[in-house]
Amino acid sequence: MVDAPKPQPQQVQIKADEKELLGQYSNLVVVHHNAEEFTLNFIYLFPTVPQGKLVGSMIINPSHAKRLLRALEENVARYEAQFGPLPEGPPAGQEPKVGFIQ
């Protein structure tokens, strides 16, 4: 019996405008989920006023969320191996309370 040839991975071409290539800075991510999707709201909290701005929102399926989690864990481990351990989060009592307005 002869094994079927394995398909070769295709190279994907991704188009990006300059605005997307520059990126957006976010210092807070609010995550929501339901049975079908995860929503990640990327927010910039202003340092001098108790206000923030939604800079981007991504909706992904649960399988992609799990792959993203693994990719982040892998990259944080590499970062810490190179630069040292990262703190876990803000000091107790300093977590922001976030609510959306329109």
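Values in this text are rule-based calculations from the coordinates and carry no lab data. Source: prediction; values computed, not measured. Here the Cβ positions follow ideal geometry from the backbone for every residue, glycine too, while neighbour counts run over all protein chains shown.
For the chain, place one equal point scatterer on every Cα, skip the solvent, and apply the Debye formula. What is log10 of I(q)/I(0) at q = 0.10, 0.20 Å⁻¹?
-0.47, -1.40
Only counting other Cβ atoms within 10 Å, I'd like S63, S57, S26 sorted with the fewest neighbours first.
So the residues, fewest neighbours to most, are S63, S57, S26.
Could you list V55, V12, V31 so that the one with the fewest beta carbons within 10 Å of its beta carbon is first and the one with the most is last?
Result, fewest neighbours first: V12, V31, V55.
What share of Cα pairs, in percent, lie more than 17 angstrom apart in the range 25-83?
Result: 53 percent of Cα pairs exceed 17 Å.
Enumerate the amide H contacts of N27 below 5 Å, restricted to partners 5 or more residues apart or on another chain; note that Pro and chain-start residues carry no placed amide H.
I43, Y44, L45
What nm distance separates the two modelled labels at L68 and I101, each placed 7 Å from Cα along Cα→Cβ?
My value for the distance between the label points is 2.7 nm.
Considering Cα pairs under 8 angstrom that are at least six residues apart, work out the relative contact order of the chain and quote it in whole percent.
Relative contact order for the chain comes out at 15 percent.
Pairs of alpha-carbon atoms within less than 8 angstrom and 6+ residues apart define the contacts here; what relative contact order does the range 25-83 have, in percent?
Result for the range 25-83 is 26 percent.
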